[in-house]
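Enquirer: Mind having a look at this structure? Questions to follow.
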2 protein chains.
Amino acid sequence: MKLTAGERDVLRVLESQRRTVSRGTMLRRERDPADGMWVLQSGWAASALGMPDGSRQITKVHLPGDVVGTPGGALNGGVETVSMLTSGIVSPFPRSVLTTVFRDHQRLAALFFVLVQVERVSLSDRIASIGRTDARARVAALLLDLTHRLRLTNPAMEDRLSLPMTQEDIGDTVGLTAVHVNRMMRALADDGLIARGPGSIRLLDEPGLARISGYISRWSSPDTSWLPEPPEDA
Amino acid sequence: MKLTAGERDVLRVLESQRRTVSRGTMLRRERDPADGMWVLQSGWAASALGMPDGSRQITKVHLPGDVVGTPGGALNGGVETVSMLTSGIVSPFPRSVLTTVFRDHQRLAALFFVLVQVERVSLSDRIASIGRTDARARVAALLLDLTHRLRLTNPAMEDRLSLPMTQEDIGDTVGLTAVHVNRMMRALADDGLIARGPGSIRLLDEPGLARISGYISRWSSPDTSWLPEPPEDA
DNA sequence: CGGTAATTTGAAGAGCCTCAACTAGGGTGG
DNA sequence: CCACCCTAGTTGAGGCTCTTCAAATTACCG
């Protein structure tokens, strides 16, 4: 789909401001007032909920190119803690831009709608993974999910996944303890499904991983046939 | 927030068609072509994913008034199976209406965007519940969630929750077996947190339920301050 | 090169599942 | 009108998965 000049202008505004953030930086804390979203230019981030007992659940791992903190665009209270898993660069996506988009760039607005739907499906898949599959399958599903998403922006990527998450992070994402994540990674390696290096993992048998995890790639191009026509450019 | 005459017209079109459906009816199956969404006029429905081993995970329980099958509005393939938990009435929400809304009713489009964000937050909460709390807490959180949502449309509702889900349904929602759901309901009753009747439940101690489940009500009114102005009516 | 964070491994126990049997209700057909 | 059946709920026993706690090893960073 080709963007019009006007649409490109809007998106370019978003990249005008860039903020370098280090690992562990919290872009927003739960209950903070929500003032907008971010575009993650580089680095990995995570949205997480804190539990009363002190543990946390990562609800979404954000990769470069993702729009981060989308609930902050539309909802008042900050619902999730957004923090950097690695150092990186973020561009603020203020609410005012969202207003402009919905007012003047209908097609772009519809695209954002699609974007959130894709996120929604992704969350549904994680619920199914955590709720109905065992530990090994959950870890496998996460590895496949990250790999497929990274391939979208880097088609050259092969079977090597550079994974800047600690086993604690992984556990917080798939609902396991770090200790058990460690055992499951070992199990996957013992079964020849993956090979582990420092800070990276090779997926030796993607069909095998998909089989044990029930993973289905949903990252094909979404439907854009229903989008309204963009307004004429000046 | 007051809707304009034009906006009301669009929404009224959605209610023009009504289809009566019985319990168990599948509005859409996974992988079916997705042709749109529905407005659930009455009855309860569920969106679910089927797992390779034959089990299923309910990703969302839909109550009267909900827009059901939102991914089908924006995405091509049907990703979830949508089925009726009770008999009820649904109104089709075809994609073409979504196109119209985004083209001619910017503020309404933004409202839909907010709606999906609310859904997204709800899914995040369930992930945290399933991933990081024990069985009793998960059941308690579900009961509270349903109660709070029903109160939005029926403020007169007190502590009695009419619950037309089987224990199997509940288990599929919170990631447990029906057998264990049964034990947890009994435990909640033994602790004086709930009282069980046939087809309904009384929440005797909502603060207590909230405490053990870590449940936080997010169903306060969403932020609408950022919405663009609606177009002038003719 | 020292100190801290992250990973790894073991042992024991808790939580949830599986299997199985039994009960209660609600509808249907004889 | 009752016998029957099918679904849903209930309860018990045993086992497996995952957690917890603890300690040792390795990697990383200043």
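Enquirer: Is there a residue in region B:202-223 that is away from chain A (no Cβ under 14 Å), of a type in the set (S, T, N, Q) and within 16 Å of DNA strand C (Cβ to nearest atom)?
Expert: Taking region B:202-223 as the starting set, the residues that turn out to be away from chain A (no Cβ under 14 Å) are B:202-206.
Filter once more, so that each one left must be of a type in the set (S, T, N, Q): none.
Looking for residues that are away from chain A (no Cβ under 14 Å), of a type in the set (S, T, N, Q) and within 16 Å of DNA strand C (Cβ to nearest atom), one finds none in region B:202-223, hence no.
Enquirer: Next up: Among the residues that make up region B:12-33, is at least one of them facing chain A (nearest Cβ under 10 Å), under 26 Å from B:Asn154 (Cα atoms) and crowded, with 16+ Cβ neighbours inside 10 Å?
Expert: No: zero hits.
Enquirer: Separate question: Any residue in region A:70-90 that is free of Cβ contacts under 8 Å to residues at least 12 places away in the same chain sitting within a Cβ distance under 8 Å of a residue that is crowded, with 24+ Cβ neighbours inside 10 Å and small (Gly, Ala, Ser)? List the pairs, counting only those 6 or more apart or interchain.
Expert: Correct list of pairs: empty, since none qualify.
Enquirer: Sort through B:Ala189, B:Ala156 and tell me the only one that's free of Cβ contacts under 8 Å to residues at least 24 places away in the same chain, more than 19 Å from B:Ala128 (Cβ to Cβ) and within 13 Å of DNA strand D (Cβ to nearest atom).
Expert: Numbers: B:Ala156 fails: within 13 Å of DNA strand D (Cβ to nearest atom).
Every option except B:Ala189 fails the conditions.
Enquirer: Report yes if A:Ser87 is modelled with pLDDT of 95 or more and open to solvent by 20 Å² or more (accessible area, probe 1.4 Å), otherwise no. First the steps, then the outcome.
Expert: Numbers: modelled with pLDDT of 95 or more: yes; open to solvent by 20 Å² or more (accessible area, probe 1.4 Å): yes.
Yes.
Enquirer: Quickly run through region A:141-184 and pick out the residues that are assigned to a loop (DSSP other than H, G, I, E, B) and open to solvent by less than 40 Å² (accessible area, probe 1.4 Å). Write out each step before concluding.
Expert: First, pick out the residues of region A:141-184 that are assigned to a loop (DSSP other than H, G, I, E, B): A:154-159, A:163-166, A:175-177.
Result: A:Met157, A:Leu163, A:Met165, A:Gly175, A:Leu176.
Enquirer: Let me ask another. Considering (1) more than 13 Å from DNA strand D (Cβ to nearest atom); (2) farther than 19 Å from A:Pro64 by Cβ; (3) in contact (Cβ under 8 Å) with a residue 24 or more places away in the chain; (4) surrounded by 16 or more Cβ atoms within 10 Å (Cβ to Cβ), say which one A:Gly208 fails and leave the rest.
Expert: Going through (1) more than 13 Å from DNA strand D (Cβ to nearest atom); (2) farther than 19 Å from A:Pro64 by Cβ; (3) in contact (Cβ under 8 Å) with a residue 24 or more places away in the chain; (4) surrounded by 16 or more Cβ atoms within 10 Å (Cβ to Cβ) one by one, A:Gly208 breaks only (3).
Enquirer: Considering each residue of region B:171-201, count those that are within 14 Å of chain A (Cβ to nearest Cβ) and within 11 Å of DNA strand C (Cβ to nearest atom), and give that number. So that I can check it myself, show each step before the final result.
Expert: Initial filter on region B:171-201 (within 14 Å of chain A (Cβ to nearest Cβ)): B:171-178, B:180-181.
Next cut, within 11 Å of DNA strand C (Cβ to nearest atom) only: B:171-172, B:174-178, B:180-181.
So the answer is 9.
Enquirer: While we're here: Could you tell me whether region B:80-93 includes any residue that is in contact with a helix residue (DSSP H, G or I) (Cβ under 6 Å, 6 or more places away or on another chain) and within 7 Å of chain A (Cβ to nearest Cβ)?
Expert: no
Enquirer: If you don't mind, there's one more thing I want to ask. Please specify each residue of region A:94-109 satisfying the condition of being touching a Pro at 6+ places or on another chain (Cβ under 6 Å) and either surrounded by 23 or more Cβ atoms within 10 Å (Cβ to Cβ) or under 28 Å from A:Leu176 (Cβ atoms) (or both). Step through it out loud before you land on a result.
Expert: In the first step, residues of region A:94-109 are kept if they are touching a Pro at 6+ places or on another chain (Cβ under 6 Å); the result is A:99, A:102-103, A:106-107.
A:Phe102, A:Gln106 - these are the residues of region A:94-109 that are touching a Pro at 6+ places or on another chain (Cβ under 6 Å) and either surrounded by 23 or more Cβ atoms within 10 Å (Cβ to Cβ) or under 28 Å from A:Leu176 (Cβ atoms) (or both).
Enquirer: Regarding A:Arg218, is this residue modelled with pLDDT under 95 and either part of a helix (DSSP H, G or I) or open to solvent by 60 Å² or more (accessible area, probe 1.4 Å) (or both)? Don't jump to the end; show me each part of the working.
Expert: Working: modelled with pLDDT under 95: yes; either part of a helix (DSSP H, G or I) or open to solvent by 60 Å² or more (accessible area, probe 1.4 Å) (or both): yes.
Yes.
Enquirer: For a quick check of your reading of the model, give me the residue pairs whose first member lies in region B:31-57 and is hydroxyl-bearing (Ser, Thr, Tyr), whose second is at pLDDT 95 or above and surrounded by fewer than 20 Cβ atoms within 10 Å (Cβ to Cβ), with beta-carbon atoms closer than 6 Å and at least 6 apart or on different chains.
Expert: Within 6 Å, the pairs are B:Ser42/B:Pro64; B:Ser42/B:Ile89.
The values are calculated or read from the model by the stated rules, or taken from the named source; none is laboratory data. Quick caveat: nothing in here was measured; it's all calculated off a predicted structure. FYI the Cβ positions are ideal-geometry reconstructions off the backbone, even for glycines, and counts take in every protein chain you see. Ligands, DNA and RNA are excluded from the accessible area calculation, which covers all protein heavy atoms including side chains. Shrake-Rupley method; radii C 1.70, N 1.55, O 1.52, S 1.80 Å.
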